[in-house]
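**Student:** First, the structure itself, so that you have it in front of you.
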Amino acid sequence: MTRAATRPVAAALLALAAAALTGCSNFPSRQPPIWVWWDMKKQDKYKPQAESLYFADGRASRAPVAGALAQELYRPDAAFSTGINPDGAYVERNPLPITKETLIEGQRKFDIYCAPCHDRTGSGRGVVPAKAVWVPGNLHDERIVNFVDGELYHVISNGRRTMPGYRFQISENDRWAIVAYVRALQRSWRGTLADVPPELQSRIR
Ligand code: HEC
């Protein structure tokens, strides 16, 4: 063979060898590939739900040790986290200090998380119900105004009937801040002339 003829043959052989060694192949096959270097393709680990010969019950996925708790499930103050007292009744009053900062934060989060459905006044005519057959409660209903703070917190956290819960999206602190703001919204609708300082009453028309 001349030198010119050997070159393509050598190149083809080299390509074939490289393909075989790296495990690449253009030919689909049901056989497992031949791995010369395993690299990270095979590791000494268990996949979820895999069987284990090491443990007597054969399960590689072990149950947590009794009493173990994920960090995010640790609730030193259950009433604050759930809105429910140890005796099973809803927490009566918002545990947060009702300050201007709390209300501003509550308003910010209400406008983000609640207003799409309940609208920014809480009347329930947000953009979502405008597009879907879905009727959010009017937060100014007598029944809802009469909720204690813990019940509002509980509805925000876990939802109710067709309303989804928001405990994974909104932190506990922010949920209580929203409760404070909902109270302010409700108050804003139910004010009477008597709530206005006497010296300003004459200016109300
Ligand atoms: C995706 C739409 C949606 C969002 C967002 C939403 N709600 Fe609702 N909400 C509803 C619907 C729908 C109902 C009526 C549930 C029913 O009676 O079936 C409702 C009902 C309620 C009720 C009354 C529950 C009762 O006992 O009747 C309260 C209180 C409430 N929502 C507060 C909130 C607050 C606070 C937020 C913000 C954290 C919020 N919702 C976010 C849809 C929503």
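**Student:** As an exercise, identify the chymotrypsin sites (Phe, Trp or Tyr not before Pro) in region 103-184 lying in DSSP coil whose Cβ has no more than 15 other Cβ atoms within 10 Å.
**Tutor:** Those satisfying the criteria are Trp134, Phe168.
**Student:** Tally up the carbon and sulfur contribution to the accessible surface of region 74-205 as a whole percent, 1.4 Å probe, everything protein left in place.
**Tutor:** With neighbouring chains kept in place, the figure for region 74-205 is 56 percent.
**Student:** Put a dot 7 Å past each Cα toward the Cβ at Lys47 and Arg93; how far apart are the dots in nm?
**Tutor:** 5.8
**Student:** Under the rule of at least 5 residues apart or a separate chain, name every residue whose amide H is placed under 5 Å from the amide H of Ile84.
**Tutor:** Excluding prolines and chain starts, which carry no amide H, the hits are Val91.
**Student:** With a 1.4 Å probe and every protein chain left in place, work out the accessible area per residue of region 75-192 in Å², rounded to a whole number.
**Tutor:** 58
**Student:** How large is the dipole of region 75-192 about the Cα centre if only Lys and Arg carry +1 and Asp and Glu carry -1, each at its Cβ, rounded to the nearest 20 debye?
**Tutor:** 360
**Student:** Gap in Å between the Cα centre of region 94-166 and the Cα centre of region 63-84?
**Tutor:** That distance is 26 Å.
**Student:** Residues in region 143-161, backbone N under 17 Å from the label point at Ile112 (7 Å along the Cα-to-beta-carbon vector): list them, ranges by number please.
**Tutor:** Only 156-157 fall inside the zone, counting backbone N under 17 Å.
**Student:** Give me the number: length gained by fully extending Ala132 to Arg62, i.e. 0.36 nm times residue separation minus the C-alpha to C-alpha distance, one decimal in nm.
**Tutor:** Contour length minus Cα-Cα distance gives 20.8 nm.
**Student:** Further question: How much length is gained if the chain between Ile104 and Arg143 is pulled fully straight, taking 0.36 nm per residue apart and subtracting their Cα-Cα distance, in nm to one decimal?
**Tutor:** So the extension gain works out to 11.5 nm.
**Student:** What full-extension length gain, to one decimal in nm, is calculated for Glu72 and Arg203 as 0.36 nm per residue of separation minus the Cα-Cα distance?
**Tutor:** My answer for the length gained is 41.9 nm.
The values are calculated or read from the model by the stated rules, or taken from the named source; none is laboratory data. Keep in mind the model is a prediction, meaning the values are calculated, not measured. Ideal geometry is used to build each Cβ from the backbone, glycine not excepted, and the neighbour counts take in all protein chains shown. Heavy atoms of the whole protein, side chains included, go into the accessibility calculation; ligands, DNA and RNA do not. Shrake-Rupley method; radii C 1.70, N 1.55, O 1.52, S 1.80 Å.
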